Structures are given as C-alpha cells and as structure tokens.
C-alpha cells in the first residue's frame, strides 16, 4: 500500500509551514501596509512655508543664539529631533519649507511634562534638511 503513494505527495506536507508563513506575511502586509500608506499621506499635505525666528521661548529652550560675528541663528539637528548636539545653523528670519513634524515630550525643571513639535525644514532655495524646535518656527499663512 505504501508503494502506491507517490513520493512527491509525501514530501509536500514539508512545504505547508512555508506556504502558511508566506500567506501570513501577505495577510499582515495587506492589513498593516495600507495603514502606513494612509498615514504617509498627511505628511505630504504638511508641506508649507514658515519663517525661523529666535523668539524668547526659542531662546529660553536653548534653540537659538548669536554667533561670534553677531548674527542671530537658529540651532538645528540633521539626524533627528532633540534639544542638544546641534550640527546645523540656520539664519534667523529665513524662510523654509516644512516637510514633516514630530511631537517630542519635554520636561521643565519642576518636572511638568508637555509636548513640543519638531519640524523637518528645508531652505526654500533647496538643499539640506534638518530638525528645528517648533518654538522657533512661525508658519506663514497662505491667503
């Protein structure tokens, strides 16, 4: 009786875990991949124009200052949002495009937590992008 069963049929059950895993992967991709595409759409709509300003709040958070030659600059980071390790200087009152935003939880000296948006900005003339604290960004209202 064992001789009547093809050896190909005997080996096929070994493929079932692989097929099941592949189907599970496709199902998860279909379920969660669509949500990621929908979340990315609002970022595309976020592109707007803003002016970088060294306001009192921006200065108080250590996100702007004055260079040795007297220019006022906005401090930003190229890699990610954050309050330290700045590696980019942007001119005060410069106009930039806002490409994305990310909320960042901050804590003051008394321990009170709040949220501050950081923006990925790019000079309107083009070039590099960097992260700037929301307290230094004044959106330009389009009319």
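Kindly establish whether residue 82 is surrounded by 12 or more Cβ atoms within 10 Å (Cβ to Cβ), farther than 17 Å from residue 48 by Cβ, out of contact with any helix residue (DSSP H, G or I) (no Cβ under 8 Å at 6 or more places or on another chain) and modelled with pLDDT under 90.
In short, yes.
Got a sec? Which of 96, 121, 109, 141 is loosely packed, with under 14 Cβ neighbours inside 10 Å and either under 17 Å from residue 49 (Cα atoms) or under 18 Å from the mean Cα position of the chain (by Cα) (or both)? Walk me through it before giving the result.
On the way: 96 fails: loosely packed, with under 14 Cβ neighbours inside 10 Å; 121 fails: loosely packed, with under 14 Cβ neighbours inside 10 Å; 109 fails: either under 17 Å from residue 49 (Cα atoms) or under 18 Å from the mean Cα position of the chain (by Cα) (or both).
The conditions single out 141.
The values are calculated or read from the model by the stated rules, or taken from the named source; none is laboratory data. This one's a predicted model, so the numbers in the text were calculated from it and none came from an experiment. Methodologically, a virtual Cβ is constructed for each residue, glycine included, from the backbone with ideal geometry; neighbour enumeration extends over all protein chains shown.
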